């Protein structure tokens, strides 16, 4: 039986395990998907050794960047993004080869593109600076947008939350949350932004999908903003993962 899985830490919020095992059951695929919660990326080799029938992995927080040094090859797109969230595992004799891909950018761009109006939406704020935010930045730029990262800390090329004025929000009217702020069970949290400056030209996109509507989304929607959570992106990512694992 082929095996697929997810590496990350922690994995309590994982969507992939139920999605893929349901897919296997529905389509009669002789395979199983497991969560591999590892407290260090150095444990990846142990996962591979204990699961010789492993054909593919998804990678989540906090290993999307760290995993890259363990791979035999990486697609040019994932290399440019600087993060990997899909690994194809192939077995050539006694040698196991790992190839890295990024499906975040595919899932995100296909999900947000229908919301964008090129007349109104030219600039975006990306909340967070981790592995997912790199894919979001790559995706938004591929859609012709100017982007700025928002960080809690002073970092080159970023703006800090306390410096986001109503004028900034009106200019950068596409805002993508790549942080865990507001994710279950901490649903009372949200990024500190001047929500009162938002209107029907504002787009708030949250990578979080649990809860369905985060406080970030709710506060924007109350001002007339168009909002979307990360569930469709996840589904599109999952489709892309399956394609990557089985590419010829």
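Read-outs: derived from the displayed coordinates by stated rules, not from any lab. These numbers were taken from a predicted model, which means no experiment stands behind them. Here the Cβ positions follow ideal geometry from the backbone for every residue, glycine too, while neighbour counts run over all protein chains shown.
For the range 86-109, which residues satisfy the criterion of being assigned to a loop (DSSP other than H, G, I, E, B) and over 11 Å from the mean Cα position of the chain (by Cα)?
First, pick out the residues of the range 86-109 that are assigned to a loop (DSSP other than H, G, I, E, B): 93-94, 102-103.
Within the range 86-109, 93, 94 meet the criteria.
With respect to (1) more than 20 Å from residue 137 (Cβ to Cβ); (2) out of contact with any strand residue (DSSP E or B) (no Cβ under 7 Å at 6 or more places or on another chain); (3) crowded, with 18+ Cβ neighbours inside 10 Å, the lone exception for residue 224 is condition (3). The criterion of being within 26 Å of residue 155 (Cα to Cα) and either surrounded by fewer than 21 Cβ atoms within 10 Å (Cβ to Cβ) or out of contact with any helix residue (DSSP H, G or I) (no Cβ under 7 Å at 6 or more places or on another chain) (or both) holds for residue 121. Taken over the range 197-217, the criterion of being under 13 Å from residue 174 (Cβ atoms) and either buried (at least 17 other Cβ atoms within 10 Å of the Cβ) or in contact with a helix residue (DSSP H, G or I) (Cβ under 7 Å, 6 or more places away or on another chain) (or both) is satisfied by 198, 202, 203, 204, 205, 206.
Criterion applied to 135, 83, 78 was being out of contact with any helix residue (DSSP H, G or I) (no Cβ under 6 Å at 6 or more places or on another chain), surrounded by 24 or more Cβ atoms within 10 Å (Cβ to Cβ) and outside any strand (DSSP E or B), and the one residue passing it is 78. For the range 6-17, the criterion of a residue being more than 15 Å from residue 242 (Cβ to Cβ) and crowded, with 20+ Cβ neighbours inside 10 Å is satisfied by at least one position.
Any residue that is outside any strand (DSSP E or B) and either within 19 Å of residue 225 (Cβ to Cβ) or touching a helix residue (DSSP H, G or I) at 6+ places or on another chain (Cβ under 6 Å) (or both) - is there at least one of those in the range 149-160? Before the answer, list the steps.
Pass one, the range 149-160, residues outside any strand (DSSP E or B): 152-157.
Remaining after also requiring either within 19 Å of residue 225 (Cβ to Cβ) or touching a helix residue (DSSP H, G or I) at 6+ places or on another chain (Cβ under 6 Å) (or both): none.
Scanning the range 149-160 turns up no residue that is outside any strand (DSSP E or B) and either within 19 Å of residue 225 (Cβ to Cβ) or touching a helix residue (DSSP H, G or I) at 6+ places or on another chain (Cβ under 6 Å) (or both).
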